[in-house]
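Encoded as structure tokens, the structure appears first; notes follow it.
The values are calculated or read from the model by the stated rules, or taken from the named source; none is laboratory data. Keep in mind it's a predicted model, so treat the numbers as computed, not measured. Here the Cβ positions follow ideal geometry from the backbone for every residue, glycine too, while neighbour counts run over all protein chains shown.
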Amino acid sequence: MTGGGKPPRGQPAPADPVVSSFVSTRPAPTTIRPTDDVVCAVRGLTKTYPAVRARRGTPGTPAVRATDGVRLDIRRGEIFGLLGPNGAGKTTLVRQLTGLMRPDSGSVEILGHDIVRHPERAACILAYLGQESTALDELTVALAAETTARLRGLDAGRARAERDAVLDELGLAPIAGRPLKKLSGGQRRLACFATALVGERPLLVLDEPTTGMDPVARRAVWSAVDRRRAERGTTVLLVTHNVIEAETVLDRVAVLDQGRIIACDTPAGLKEQVAGEVRVELVWRVKAPLDVPEVAALHDRAAESGRRWTLRLAPEEARTVVATVTGGAAFAALDDFTLATPSLEDVYLALGGAARQGLVKA
Ligand SMILES: Nc1ncnc2c1ncn2[C@@H]1O[C@H](COP(=O)(O)OP(=O)(O)O)[C@@H](O)[C@H]1O
Ligand SMILES: [Mg+2]
């Protein structure tokens with residue numbers, strides 16, 4: 001899609017004064033001023049899901065504090081990420097930000113609106129792509145986009161124009177006439193993403209938007225997000241459990257673990273926390289040769305996942321380990337090894353998120 005094919009973006013959206021004041025051509029978030037450009041301020045956000053008592057046949061579940069005193073500032077025009085493993089509390093957090101769930105305590109202010117007190121205002125200032133599929137499933141791709149645009153206050157003509165522009169932009173035109181429920185998971189996800197984009201909101205909240213998508217669709221998502229940020233100053237809150245995605249598209253990232261923010265910085269800034277360390281991965285053919293003393297000595301320090309050992313070491317140590325496993329008696333048992341600079345996953349593990357599981361690398 002080209003810029004020329006779109007309806008005129010500069011026109012104010014009469015139904016929603018907030019939107020028009022946020023149509024901005026400011027390019028990148030490098031010039032952000034500290035406080036007055038905060039789009040979303042979260043303080044002390046806490047939510048506990050109550051315990052469920054056991055019934056015949058179904059075991060009970062204990063209470064879960066899914067968000068625990070979360071504090072966040074999201075600035076205008078940035079792509080801000082929430083990164084954490086499954087169950088970290090990411091979805092619970094964004095559902096509270098979008099007014100869909102009431103926190104037990106804490107505050108959420110978005111563009112000056114108190115979302116805890118006035119959750120109904122959220123729909124006018126942000127677009128939310130939930131993790132689960134939606135009520136739009138019965139509609140065709142085109143109708144889902146057009147209906148959403150109408151619900152967001154566009155007149156019929158503009159709604160159709162936006163629909164066409166967005167479907168074109170995301171490569172969805174060929175399947176525009178098909179009902180969402182008959183699409184593949186990745187296609188449906190992309191169609192839902194399209195509905196999040198129509199009717200232009202200054203804040204986009206996307207909960208794992210690229211789940212199930214092929215690389216072409218993923219790229220379409222990221223360039224659509226980037227274009228909105230560059231051309232209109234749209235702010236994006238992106239939830240992901242995927243480290244690679246996080247490293248490539250996010251300006252800043254908050255790492256969530258068991259309902260708490262354990263770090264918040266740029267991906268580069270976070271990685272500096274573990275700079276000087278090297279990740280060594282050893283993959284054994286069958287199992288580790290623990291009868292080799294040097295290998296046995298490493299065992300305690302390795303995170304094990306099947307035949308794979310992962311170690312975080314000082315560069316000097318890493319060299320010694322590689323020399324040991326490639327030179328001596330251990331070599332016959334070795335299938336593969338890699339040496340790498342730290343990733344966000346290493347940051348996550350170094351911060352103590354290690355206790356249970358790592359993040360997804362895909
Ligand atoms: N509706 C619910 N009732 C009870 N517990 C829930 C509910 N939704 C989520 N949880 C629990 O809250 C925690 C956080 O879940 P969630 O916010 O979905 O995490 P994430 O999106 O990071 O995977 C998990 O332990 C999950 O099992
Ligand atoms: Mg989730």
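Summed over the range 336-362, residues that are out of contact with any Lys or Arg (no Cβ under 6 Å at 6 or more places or on another chain), at pLDDT 75 or above and exposed (fewer than 14 other Cβ atoms within 10 Å of the Cβ) total 3. For the range 190-210, the candidate set comprises residues that are charged (D, E, K, R) and away from ligand 1 (no atom under 16 Å from the Cβ); within that set, the residue that is surrounded by the fewest Cβ atoms within 10 Å (Cβ to Cβ) is E200.
Among the listed residues T134, T92, which satisfies the condition of being in the same structural domain as R178 (by TED's automatic domain parsing) and in contact with a strand residue (DSSP E or B) (Cβ under 8 Å, 6 or more places away or on another chain)?
Details: T134 fails: in contact with a strand residue (DSSP E or B) (Cβ under 8 Å, 6 or more places away or on another chain).
None of the others qualify; the one that does is T92.
Among the strands (runs of 3 or more DSSP E) confined to the range 240-330, the ones with at least 1 residues that are surrounded by fewer than 13 Cβ atoms within 10 Å (Cβ to Cβ) and not basic (K, R) are located at 303-305. Taken over the range 54-110, the residue count meeting the criterion of being more than 13 Å from ligand 1 (Cβ to nearest atom) and at positive phi is 5. Checking V225, V216 one by one, the residue that is within 21 Å of E78 (Cα to Cα), outside any loop (DSSP other than H, G, I, E, B) and under 24 Å from the mean Cα position of the chain (by Cα) is V225 and no other.
Conditions (1) of a type in the set (F, W, Y); (2) farther than 28 Å from D37 by Cα, marked per residue:
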{"position": "T98", "(1), (2)": "no, no"}
{"position": "D114", "(1), (2)": "no, no"}
{"position": "A123", "(1), (2)": "no, no"}
{"position": "Y128", "(1), (2)": "yes, no"}
{"position": "E146", "(1), (2)": "no, yes"}
{"position": "L170", "(1), (2)": "no, yes"}
{"position": "K181", "(1), (2)": "no, yes"}
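The set of residues in the range 69-122 being in a helix (DSSP H, G or I), surrounded by fewer than 23 Cβ atoms within 10 Å (Cβ to Cβ) and more than 15 Å from the chain's Cα centre (by Cα) consists of P119, E120, R121, A122. For the range 212-256, the set of residues classified as within 16 Å of ligand 1 (Cβ to nearest atom), of a type in the set (V, I, T) and modelled with pLDDT of 90 or more consists of V239, V253, V255, listed by residue number.
Yes or no: A333 surrounded by 14 or more Cβ atoms within 10 Å (Cβ to Cβ), modelled with pLDDT of 90 or more and touching a Pro at 6+ places or on another chain (Cβ under 7 Å)? If you could, list the steps in order and put the result at the bottom.
On the way: surrounded by 14 or more Cβ atoms within 10 Å (Cβ to Cβ): yes; modelled with pLDDT of 90 or more: yes; touching a Pro at 6+ places or on another chain (Cβ under 7 Å): yes.
It is true that A333 is surrounded by 14 or more Cβ atoms within 10 Å (Cβ to Cβ), modelled with pLDDT of 90 or more and touching a Pro at 6+ places or on another chain (Cβ under 7 Å).
Here the range 201-225 is the region considered, the condition is being polar (S, T, N, Q) and under 14 Å from L129 (Cα atoms), and the residue that is nearest to ligand 2 (Cβ to nearest atom) is T211. Only a single criterion out of (1) in contact with a strand residue (DSSP E or B) (Cβ under 6 Å, 6 or more places away or on another chain); (2) away from ligand 2 (no atom under 16 Å from the Cβ) is not satisfied by A254, namely (2).
If you go through the range 43-78, how many residues are of a type in the set (S, T, Y), more than 16 Å from ligand 2 (Cβ to nearest atom) and either within 24 Å of H113 (Cβ to Cβ) or not assigned by TED's automatic domain parsing to the domain that holds P202 (or both)?
1
Listed by first and then second residue, the pairs with beta-carbon distance under 6 Å, at least 6 apart or on different chains, first residue in the range 40-63 and without any contact (Cβ under 8 Å) to a residue 60 or more places away in the chain and assigned to a loop (DSSP other than H, G, I, E, B), second of a type in the set (V, I, T) and surrounded by 14 or more Cβ atoms within 10 Å (Cβ to Cβ), are A63/T48. Residue count for the range 125-166, restricted to those that are in contact (Cβ under 8 Å) with a residue 40 or more places away in the chain, touching a Lys or Arg at 6+ places or on another chain (Cβ under 8 Å) and of a type in the set (A, V, I, L, M): 9.
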